[in-house]
Structure formats: C-alpha cells, structure tokens
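The values are calculated or read from the model by the stated rules, or taken from the named source; none is laboratory data. What you see is a predicted model, and the numbers here were worked out from it, not measured in a lab. Cβ sites come from the backbone with ideal geometry, for glycine too, and all protein chains shown count toward neighbours.
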Amino acid sequence: MDIDLERGINLIKQADNAAAVSFLLKELKKDPLNPEVFRHLGLAYFNLGNFKEALINWKKAIELDPTHHQTIWNLGNLHEIEQRNNEAFQYYSQAAEIAEEESNPKKAERYREWAKRVKRK
C-alpha cells in the first residue's frame, strides 16, 4: 500500500478527515484507477458531511470494482441519510447479493436487515 493511501486511511481512523482528503488526493494523482483510493475519499468526504463528493467517489470506486459490497452498502447509507429510501433499499439489497455470492453470509444478512429496515420507512 502506498504511503499516502496508508496515511489517508489512518487519518480517517483518527477522525482527521480533512487531512485524509489531502493525502488521498495526492495518492489519486499517482494512481487514478485505484478503487481503494476512491472508497476512502468517499468515506472521508462522507464523514465531513460533503455527501456530493462522497457520492462521486463511491460511484467511481464501484465503476472500478463493481463487487465491493461495503462500498455499495455505503451508497445505501448515504441515500438513506438523504431520505431516498427506495435507492437505499436497492443498494442494500445489491450489497447483500454480492456478499452472498462471495460466501460472506454474515455480511449478507446484515445488509438484508438494513434493506428491510429502510423498506419499512
């Protein structure tokens, strides 16, 4: 893992999301096709309340790696926060399907529970 990506991830864990964005953007210049960078940029922006940038980065991450169920779940969470429950349900359900296909039944069940919960809203 590149040092800027690693620093960015560690800064997110320390809740210094603004600094994380800086390192992740530096990493993005070096490796513009790395879905991991986009995933973490999305998370840092989300934590900062910049949902527009979170959405852009998570969608790019999915474009590069369409089977990353955690990122798809993140998109569901973003849509749920924005009270777009139909979209949230779709993302949670998609995350569950992918997790099931990857033989991760615990994650799949967790995602299904999120989908059921948002469906009831």
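Observations, loosely collected:
- Lys121 at pLDDT 95 or above and surrounded by fewer than 22 Cβ atoms within 10 Å (Cβ to Cβ): no
- Condition check for Gln94 on (1) more than 12 Å from the chain's Cα centre (by Cα); (2) in contact (Cβ under 8 Å) with a residue 12 or more places away in the chain; (3) surrounded by fewer than 16 Cβ atoms within 10 Å (Cβ to Cβ): one failure, at (3).
- Hits in the stretch 87-103 - residues which are in contact with a Lys or Arg (Cβ under 9 Å, 6 or more places away or on another chain) and within 14 Å of Lys116 (Cβ to Cβ): Ala88, Phe89, Tyr92, Ser93, Ala95, Ala96
- Pick from the stretch 30-67, criterion surrounded by fewer than 19 Cβ atoms within 10 Å (Cβ to Cβ) and under 9 Å from the mean Cα position of the chain (by Cα), ranking: nearest to Met1 (Cα to Cα): Lys59
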